[in-house]
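Enquirer: Dumping the structure here so I can ask a few things about it.
All of the numbers you see were taken from the coordinates with simple rules; none came from a lab. Every value quoted in this text rests on a predicted model; they were computed, and no experiment measured them. Cβ placement follows ideal geometry from the backbone for every residue including glycine, while neighbour counts extend to all protein chains displayed.
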Amino acid sequence: MTLKSLLISSALGVAMLAPGAVLAKDLTVAIQNNLTGLDPTNVNDTLSQTSLRLIYQGLFGFDEDMNLVPLLAESYESNGDATEFTIKLRHDVKFHDGTDFNADAVKTNLDRLRNPDNNLSRRSLVSMISDVQVVDDYTVKLVLDAPFGAMIASLAHPGAMIISPAALAEYGDDIDRHPVGTGAFIFQNWAADTLEVSRNDDYWKGPAKVDNVIIRSVPESGARMAMLQTGEAQFVPNFPPELIKVIENNPDLTVETSPSIVEYYVALNNNKEPFGNKKVRQALNYAVDKDAFCKIVFSGLCKPADSIIPEGLSFHVNAGDYDYDLDKAKQLMAEAGYEDGFSTEIWANSNTESLRAMQFLQQQLSQINVDLNIVPLEAGVAAQRIWSIETPEDAEVQMYYGGWSSSTGDADWGIRPLLLGENTPPNMFNVAYFTDDKVDAAINGAISTANPEERATHYETAQKLAWEGAPWIFLGVADLIAAQTADVTGVHMLPDRGFLLEDAAFSE
Amino acid sequence: MLSYLIKRLLGTIPVILMVTLAVFAFVHMLPGDPARLVAGPEATASDVAAVRAALGLDQSLPHQFLTYITHTVQGDFGVSLKTRRPVVEEIGMRLMPTVWLTVIAMIWSVALGLLIGVVSAVKRGKWPDYGGMILAVSGISFPPFWLGLLLINLFSVRLGWLPTGGYGTWQHFLMPSFTLGLGVAAVMARFTRSAFIEIAREDYVRTARAKGVPERSVIWHHSLRNALIPIITMVGLQFGFLLGGSIVIESVFAWPGVGRLLVDSVSYRDYPVIQALVLMFSLQFIFINLLVDILYVLVNPEIRYK
């Protein structure tokens, strides 16, 4: 019996014998990996960040469509060149420990985060701030040392969420074991693989509709699915596409899919021959059928890429297309002097999806005589061989398959770390080692203003130029898939693969 | 006996030291920079350097080893690089789930394995023997991963009798301990059977039968007692392995044990946790070996240590 037929039979089993109703109004969410920490300013993975949104809130945040919304802030103003931001704060907010939320709390938090001595991993979100001024109890002014148009989007990132200053003073470095925020839920316990939070009855938006939220790490996807079927869990974010068919016919479960902001691509090391030649890079783009990529790697739950950033990010434009066209690809290869193709290798993190993607690319590129050697890398090895390389000349990477999601929801963090000429490893992620003066100018132009129209113009230029320059093989934007029991409402996945649970409710 | 014990205990010290050194060297030879992983994806090169210094990873390896040894001797295993919780706490909350699961799995599987093994040996070449050995071979051959999902599907999803996974009530133990113990039971059954068949050819067994000792006593008293020595060795080995936490079982049943912790820690290059875990596993093995030696004496008073 294969795994699939086993799972199908289990789905049929549930249809015959529905699990009993959930008694307590506790929402259990089953996720794959363990959380890595509870200090939002010092965790790097989306799962931990998004789970912490239950406890903590930022000045700004996102709604379920990743639109920027004010949370602890009421409004903001900035000067024309994006070097000063004045933020008005909400008056009616208290932390879970009873401390008032006010301008001093914001200053304490931002000063803590931007202080290099604290070694907090999300420091880059606010490192451009040179001074945080308390104007009055509920107004702060941020003074930047250089223009940064994406400041507000950075403050909406979970890494910039606000921690109770009293708790910071009390617990110091141990704050990640005693999280105290302003969110809809109060921290209860974090055990080996489970985070438990309970309702905050004094929540400023009004109390949540479930008593407790339990986030449990269950590594095996078949087991997560079984938990949904038995009612042990009500929400499974990042559900594997290959299991959808199994639960689609179950009336007690629903599956929701929506576009993400995770774009997949193959970075081509522009410093290495033959990828220094734009014609070769474009030829590779024409040689890959993006629709087939979506079908094979993501079971069709994915859209072909049409720019260097996904549609869900602000300032996205359709930058053009590289329709699957083998004749054109071969012609470009011939013009570049590679009609007989070449051999190269592709690296990616070692997981099922990446392996599938690399095998697909191997087959596609063989059509234009490019012989691809597949090299999966364990995460620590990838960190060493790709992201810790000190100088571009030392880089061994030729092709790298990966995905990127901009957790600020803004074009800046979707483009600047990946394609600005100076942002090569180890500082950032320009693993294509792509340098284009015009693209650099557009990226820098966009962060030197807070005016949305000017930023839009710059980002349009950057997207069109970078698309034409083809530093990557542009592939696709994967869909989000979440499965839940039908009696739960108000749970959503965010386009960056996080989730929103605050409005969760049971319909019975 | 006492002096033997003391000698054995003292003898473990160089073993532990060697293990400690080997683990330290192995962990630090793994490719991948923990400072990079701790500092986070958006950290600049200087941030990473600062983190490396803060973690003491910029020191020379001998220096780091010395620090590690001095701290370990004082019972200080440091703080997890990933969660920043003390390593002792990190392991502490996962150790008992693994220990209990192992103990329960061992109890039923050794008992059942012994029984099947003895019956198969006594009824050699008859249907109980074939039946028992078919069971044993199946037990060894079932992939635990597949068996685990099969059980979840049957008992949790279809019948709704047992929770799919997690650690808590006695119901939580049933499926994981069955899945974990099945392979052990199978090995024990085969091992007991062959040990028993060997013994059955011994003169003292024939003598016992000849002088009219009842068959039941021949089997359970004369034969089993002598077959126990290799069986105990095998139990000790299996127990030691299982205490390391079964990664597959712990993943399928979402069991918060040390096996999963080790895998997570290796992928994060969480040096302090990896080092402490491997040290703990070696100590467990040394302790179990000692226990096995003591059991030898209890089982067979003729064994005398000098």
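Enquirer: Out of all DSSP beta bridges in chain A, what portion is antiparallel? Express it as a percent rounded to 5.
Expert: Close to 80 percent.
Enquirer: Along each of the three principal axes of the Cα atoms of segment A:262-478, give the extent in whole Å, ordering the values from largest to smallest.
Expert: Principal-axis extents of the Cα atoms in segment A:262-478, largest first: 48, 36, 36 Å.
Enquirer: For a 18 Å ceiling on Cα separation, which of these pairs sit above it: A:88/A:141; A:438/A:464; A:278/A:328; A:328/A:438; A:290/A:438?
Expert: Too far apart for the 18 Å limit: A:328/A:438; A:290/A:438.
Enquirer: Can you tell me what the convex hull of the Cα atoms of segment B:1-136 projects to on average, as an area in nm²?
Expert: Quarter of the Cα hull surface area: 14.5 nm².
Enquirer: Right, another one. Taking the Cα centre of segment A:222-301 as origin, work out the dipole magnitude from +1 charges on Lys and Arg Cβ and -1 charges on Asp and Glu Cβ, in debye rounded to 20.
Expert: 580
Enquirer: Here is a further query. Output the Kirkwood hydrodynamic radius of chain B, Cα pairs only, in Å rounded to one decimal.
Expert: After inverting the pairwise mean of 1/r, the radius is 22.4 Å.
Enquirer: I'd like the per residue volume of the convex hull spanned by the Cα atoms of segment A:256-379, given in cubic angstrom.
Expert: Per residue, the Cα convex hull of segment A:256-379 comes to 121 Å³.
Enquirer: Put +1 on the Cβ of every Lys and Arg and -1 on every Asp and Glu Cβ in segment B:155-229; which of B:161, B:227, B:188 then has its Cα farthest towards the positive end of the dipole?
Expert: B:227
Enquirer: Another question about this same structure. Relative to 2.2 N^0.38 Å, what does the C-alpha radius of gyration of segment A:409-468 come to as a ratio? Two decimals please.
Expert: Here the answer is 1.04, to two decimals.
Enquirer: May I ask for the net charge around residue A:227, where only other residues with Cβ less than 12 Å from the Cβ of residue A:227 are counted and Lys, Arg are +1 while Asp, Glu are -1?
Expert: Here the count lands on 0.
Enquirer: For segment B:246-260 and segment A:121-148, what is the centre-to-centre distance using only Cα atoms, to the nearest Å?
Expert: 45
Enquirer: If you wrap segment B:231-277's Cα atoms in a convex hull and average its projection over all directions, what's the area in nm²?
Expert: Its average projected convex-hull area is 3.8 nm².
Enquirer: Now for a separate question. When you have a sec, figure out the Kirkwood radius of segment A:160-252 from all distinct Cα pair distances and drop it here in Å to one decimal?
Expert: Answer for segment A:160-252: a Kirkwood hydrodynamic radius of 15.8 Å.
Enquirer: I'd like the per residue volume of the convex hull spanned by the Cα atoms of segment A:56-165, given in cubic angstrom.
Expert: Roughly 99 Å³ of hull volume per residue.
Enquirer: For chain A, what relative contact order do you get, as a whole percent, if you take Cα pairs closer than 8 Å and at least 6 residues apart?
Expert: Taking the mean separation of contacting Cα pairs over the length of chain A, I get 20 percent.
Enquirer: Can you pull out the trypsin sites (Lys or Arg not before Pro) in segment A:266-308 that DSSP calls coil and that have at most 16 other Cβ atoms within 10 Å?
Expert: A:272
Enquirer: For segment B:147-206, what's the radius of gyration and Dmax over Cα atoms, in angstrom?
Expert: Just the Cα atoms of segment B:147-206 yield Rg and Dmax of 18.3, 55 Å.
Enquirer: Which of the GluC sites (Glu not before Pro) found in segment A:355-412 are loop residues per DSSP with 16 or fewer other Cβ atoms within 10 Å of their Cβ?
Expert: Here the GluC sites (Glu not before Pro) that fit, given the DSSP loop and packing criteria, are A:378, A:390, A:396.
Enquirer: Over all alpha-carbon pairs of the protein assembly as shown, lay out the pair-distance distribution in 20 Å bins, whole %, shortest bin first.
Expert: The calculated distribution, bin by bin, is 14, 41, 33, 10, 2, 0.
Enquirer: Additional query: Starting from the Cα of residue A:245, draw a straight line to each of the lysines and keep only those under 22 Å, dropping any in the same chain fewer than 8 residues away.
Expert: Straight-distance partners of residue A:245: A:4, A:295, A:303.
Enquirer: How high is the relative contact order of segment A:56-165? Use alpha-carbon pairs under 8 Å, at least six apart in sequence, and give a whole percent.
Expert: Across segment A:56-165, relative contact order equals 34 percent.
Enquirer: Let me ask something additional. How high is the relative contact order of chain B? Use alpha-carbon pairs under 8 Å, at least six apart in sequence, and give a whole percent.
Expert: Across chain B, relative contact order equals 26 percent.
Enquirer: Moving on. Around residue B:261, under 12 Å between beta carbons, what's the net of Lys plus Arg minus Asp minus Glu among the other residues?
Expert: Here the count lands on -2.
Enquirer: Let me ask another. Count charges around residue A:334 for me, please; just the other residues with Cβ under 10 Å from its Cβ, Lys/Arg as +1, Asp/Glu as -1.
Expert: -1
Enquirer: Using a cut-off of 16 Å between alpha-carbon atoms, which aspartates and glutamates can reach residue A:205, once sequence neighbours fewer than 8 places away in the same chain are excluded?
Expert: A:63, A:74, A:92, A:100, A:502, A:503
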